[in-house]
Amino acid sequence: MQEAVTITVSGAPERPAGSERWRLIARNIFPFLVVGAIWEVVAWAGVFPHRLFPTLEEVALSFVQLTIAGILPHHAIETLLRLLSGFALAAIFGVGIGVLMGRSRLAEDIFLPLVSICAPIPGLAYAPLFLLWFGLGNFSAVLLVGFVSSFPVIFNSWTGVKAVREIWVRSAQSMGADDRRLFSHVILPGALPYILTGLRLGLAQAWRILVAVEMLAAVPWGLGWLIFGAREFLNTDIMLAGITVIAVIGLSLEKFVFQKIEDYTVVRWGMVAA
Amino acid sequence: MSENGRQMRSMWRAAVTLAVAAACYEAAARSGYFAPALLPTLETVTKTLVSMLADGSMIAHAAATMYRVMFGFFLAVVVGLPLGILMARFQRVENFFMPLVSALMPIPSFSLVPLFMLWFGIGNTTTILIVFYAATFPMLFNTWSGVRSVNPIWLRAAGAMGADEHKLFWKVIIPGAFPFIVTGMRQAFLRCWIAVVGAEMIAASDWGLGWVIFDAKEFLNTDIMLASLVVIGAIGFLFERLVFGSIERATVQRWGMTRAAKG
């Protein structure tokens, strides 16, 4: 869990060496041992019905069994594919609309009211509407995830393009840059930190609602569906195994995607993280 | 063109856009290409909204949702705020809780809905707990980074002027961290609002805006669905702008601190 901690500590500590490092790892594992032990005691003591509160060994066992049987990886891959395709939709349309809004007053006046009305409504509230209009299944799920996660992308791209200094644009123009060069050499690089922030927020949002969308949209595979289906048969162990996978995916997204994007922008543009 | 004139033109265009969008929708709804049950006219939606408001059912649903949001939000503040302050002030507390928080935070709140349904059944308890789970982390994190970011010079200056631990806390740390705390509350409320709708849909009880939308799907009552969407949007907007906007103006802006934690 060392990874988890460095995410949040601002001004990441330099990598400690030797015993210092083991101490750090031990320190991070300790809270999990405490919580795990409490869980075990409660489970063994039979405070709650066993089916509803399985021991950690059972959860681990079903995790291993499901992984070997290939069921868990299949669910996870379907979920990831859905996440990526939804996010790709959001990235393409979101950046497109956002940049257009930033560049043209007309586009801004047209899109801004629509976006400001649709954005504050919680994403899942659209779910039944999408299911009615586009049917149950994958298409609705991906479309909904894309639709919902495009709002932060649009807002941030728009702000980013607007934040490009007027003086850069004018100096590039006076040095003879045409529209295309102006766009690719001045506006896009200038807006990129914002756009990346928007993409990061969009991906986070997509991830947050995807699980719920899978529960509602009756897709054949997917982690959300797995844990929701497990409820019917009181398979709490399967449910907890599924939640573990969800947590791992969430943590890796945080660590390997969001963190990387942030490092990249912060380092490259010399912006300081709060 | 003056800035004022430009603003006028923008508002004009916004009005035109909305009118055109509404007209397009209306045309599609009336064209008969789509089933009227799936694409009700704006007139029907308005009528449904008005009648649901008039017979009090919409208000009852909204009240049920607000009760869950407020209860969950309250719990999140009660847990997140002190824990965030403790974590920022005491290294030991931080060492113990930070790994747990970092591991729990990336789990989307909705993925706990089925588990909580098994444990606590369908209804208020589950929804409130989901809301609480969703809102605690932004609250906690913003408080934590707010208290940590209090300028050490202020602490030392106050200490040098003879402030005791108690005064230091109330007069320096809390006001210094306040912009972050307000941001945390704002984000937490936003999360609550998102979580409550989803939790109500999945862990359906008998009341609540999320439940109405989902229930309306079963009977193809798209008009009820759209009417509830309007109400959900309006309440969210109202809270975001009026409540948190005015809290921010009354405290943070008046104190001249507009820094904010990033989401």
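The values are calculated or read from the model by the stated rules, or taken from the named source; none is laboratory data. The structure presented is a predicted model; accordingly, all values stated were derived computationally and were not measured. Every residue, glycine as well, gets a Cβ built from its backbone with ideal geometry; the counts of neighbours run over all protein chains shown.
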Exercise for review: Filter the range A:250-272 down to the residues that are under 17 Å from A:Leu192 (Cβ atoms) and hydroxyl-bearing (Ser, Thr, Tyr), then identify the one that is modelled with the highest pLDDT.
Suggested key: A:Tyr264
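Which of the residues spanning the range B:236-254 are over 18 Å from B:Leu190 (Cβ atoms) and either within 13 Å of chain A (Cβ to nearest Cβ) or part of a helix (DSSP H, G or I) (or both)?
Kept after step one, since they are over 18 Å from B:Leu190 (Cβ atoms), are these residues of the range B:236-254: B:249-251, B:253-254.
Result: B:Arg249, B:Ala250, B:Thr251, B:Gln253.
Buried (at least 23 other Cβ atoms within 10 Å of the Cβ), facing chain A (nearest Cβ under 10 Å) and at pLDDT below 85, is that true of B:Pro106?
yes
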**Study point:** Residue match in the range B:173-188 (condition: surrounded by fewer than 23 Cβ atoms within 10 Å (Cβ to Cβ), part of a helix (DSSP H, G or I) and touching a Pro at 6+ places or on another chain (Cβ under 8 Å))
**Key:** yes
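Yes/no matrix, rows are residues, columns are (1) of a type in the set (Phe, Trp, Tyr); (2) surrounded by fewer than 21 Cβ atoms within 10 Å (Cβ to Cβ):
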| site | (1), (2) |
| --- | --- |
| A:Ile77 | no, yes |
| A:Arg82 | no, no |
| A:Phe93 | yes, yes |
| A:Ala119 | no, yes |
Check your understanding: Can you find a residue in the range B:147-154 that is under 27 Å from A:Ile25 (Cβ atoms) and of a type outside the set (D, E, K, R)?
Key -> yes
Review point. Hey, among the residues in the range B:183-235 that are more than 7 Å from every other protein chain (Cβ to nearest Cβ), without any contact (Cβ under 8 Å) to a residue 12 or more places away in the chain and among the charged types (D, E, K, R), which one's nearest to B:Asn124 (Cα to Cα)?
Key: B:Asp206
Review point. Quick one: would you say A:Leu61 is surrounded by 13 or more Cβ atoms within 10 Å (Cβ to Cβ), touching an Asp or Glu at 6+ places or on another chain (Cβ under 7 Å) and farther than 21 Å from A:Ala218 by Cβ?
Key: no
Exercise for review: Give B:Gly56, B:Gly121 a once-over and let me know the one that is on the phi > 0 side of the Ramachandran plot and within 13 Å of chain A (Cβ to nearest Cβ).
Suggested key: B:Gly121
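Is it true that B:Met161 is among the hydrophobic types (A, V, I, L, M, F, W, C) and within 24 Å of B:Phe71 (Cβ to Cβ)? Working first, answer last.
Values: among the hydrophobic types (A, V, I, L, M, F, W, C): yes; within 24 Å of B:Phe71 (Cβ to Cβ): no.
No; evaluated as a whole, the condition is false for this residue.
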Practice item. Output the residues belonging to the range A:170-181 that are among the hydrophobic types (A, V, I, L, M, F, W, C) and at pLDDT 85 or above. Key: A:Ala172, A:Met175
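Has the range B:130-143 got any residue that is free of Cβ contacts under 8 Å to residues at least 24 places away in the same chain, in the same structural domain as B:Val196 (by TED's automatic domain parsing) and assigned to a helix (DSSP H, G or I)? Before you say what the answer is, go through the steps one by one.
Restricting attention to the range B:130-143, the residues satisfying the condition of being free of Cβ contacts under 8 Å to residues at least 24 places away in the same chain are none.
No: zero hits.
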**Study point:** Residue pairs meeting the criteria (Cβ under 7 Å; at least 6 apart or on separate chains; first over 14 Å from B:Ile85 (Cα atoms), in the range B:156-173; second in a loop (DSSP other than H, G, I, E, B))
**Key:** B:Lys171/B:Ala163
Exercise for review: Mind listing just one residue for me: the one in the range A:43-61 that is out of contact with any Leu (no Cβ under 8 Å at 6 or more places or on another chain) and part of a helix (DSSP H, G or I) and, of those, nearest to A:Asn235 (Cα to Cα)?
Suggested key: A:Glu58
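Within the bounds of the range B:70-84, is there any residue that is assigned by TED's automatic domain parsing to the domain that holds B:Val131 and either over 20 Å from the mean Cα position of the chain (by Cα) or loosely packed, with under 13 Cβ neighbours inside 10 Å (or both)? I'd like the intermediate steps shown before the answer.
Initial filter on the range B:70-84 (assigned by TED's automatic domain parsing to the domain that holds B:Val131): B:70-84.
With the extra rule that they be either over 20 Å from the mean Cα position of the chain (by Cα) or loosely packed, with under 13 Cβ neighbours inside 10 Å (or both), the set shrinks to B:82-83.
For the range B:70-84, residues assigned by TED's automatic domain parsing to the domain that holds B:Val131 and either over 20 Å from the mean Cα position of the chain (by Cα) or loosely packed, with under 13 Cβ neighbours inside 10 Å (or both): present.
Name the residue that is nearest to the other protein chains (Cβ to nearest Cβ), counting only residues in the range B:11-52 that are among the hydrophobic types (A, V, I, L, M, F, W, C) and in a loop (DSSP other than H, G, I, E, B).
Residues of the range B:11-52 that are among the hydrophobic types (A, V, I, L, M, F, W, C), as a first pass: B:11-12, B:14-16, B:18-24, B:27-29, B:34-35, B:37-39, B:42, B:45, B:49-50, B:52.
Narrowing the set further to residues that are in a loop (DSSP other than H, G, I, E, B) leaves B:34-35, B:37-39.
Working: B:Phe34: 9, B:Ala35: 10, B:Ala37: 9, B:Leu38: 6, B:Leu39: 8 Å.
Checked the range B:11-52; the qualifying residue nearest to the other protein chains (Cβ to nearest Cβ) is B:Leu38.
Would you say B:Met52 is touching a residue at least 12 places away in the same chain (Cβ under 8 Å) and over 29 Å from B:Gln187 (Cβ atoms)? Write out each step before concluding.
Working: touching a residue at least 12 places away in the same chain (Cβ under 8 Å): yes; over 29 Å from B:Gln187 (Cβ atoms): yes.
Here the answer is yes, as B:Met52 does meet what is asked.
Of these, A:Ala88, A:Ala37, which one is modelled with pLDDT of 85 or more, assigned to a helix (DSSP H, G or I) and in the same structural domain as A:Thr197 (by TED's automatic domain parsing)?
Numbers: A:Ala37 fails: in the same structural domain as A:Thr197 (by TED's automatic domain parsing).
A:Ala88 is the lone residue from the list that is modelled with pLDDT of 85 or more, assigned to a helix (DSSP H, G or I) and in the same structural domain as A:Thr197 (by TED's automatic domain parsing).
Return the residues of the range A:215-239 that are hydrophobic (A, V, I, L, M, F, W, C), in contact (Cβ under 8 Å) with a residue 24 or more places away in the chain and either out of contact with any Lys or Arg (no Cβ under 6 Å at 6 or more places or on another chain) or more than 10 Å from chain B (Cβ to nearest Cβ) (or both); say none if nothing qualifies. Before you say what the answer is, go through the steps one by one.
So in the range A:215-239, the residues hydrophobic (A, V, I, L, M, F, W, C) come out as A:215-219, A:221, A:223, A:225-228, A:230, A:233-234, A:238-239.
After this cut, where a residue has to be in contact (Cβ under 8 Å) with a residue 24 or more places away in the chain as well, the list is A:216-219, A:221, A:223, A:225-226, A:234, A:238.
Within the range A:215-239, A:Leu216, A:Ala217, A:Ala218, A:Val219, A:Trp221, A:Leu223, A:Trp225, A:Leu226, A:Ile238 qualify.
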Exercise for review: For A:Pro73, state whether it is surrounded by 17 or more Cβ atoms within 10 Å (Cβ to Cβ) and either touching a Pro at 6+ places or on another chain (Cβ under 8 Å) or assigned by TED's automatic domain parsing to the domain that holds A:Arg200 (or both).
Suggested key: no
Review point. Can you name the condition, by its number, that B:Glu94 falls short on among (1) surrounded by 14 or more Cβ atoms within 10 Å (Cβ to Cβ); (2) charged (D, E, K, R); (3) more than 14 Å from chain A (Cβ to nearest Cβ)?
Key: (3)
Review point. When only residues in the range A:128-140 that are in contact (Cβ under 8 Å) with a residue 40 or more places away in the chain and at the interface with another protein chain (Cβ under 7 Å from one of its Cβ atoms) count, which is surrounded by the most Cβ atoms within 10 Å (Cβ to Cβ)?
Key: A:Pro128
Review point. Has the range A:123-137 got at least one residue that is farther than 23 Å from B:Leu226 by Cα and assigned by TED's automatic domain parsing to the domain that holds A:His75?
Key: no
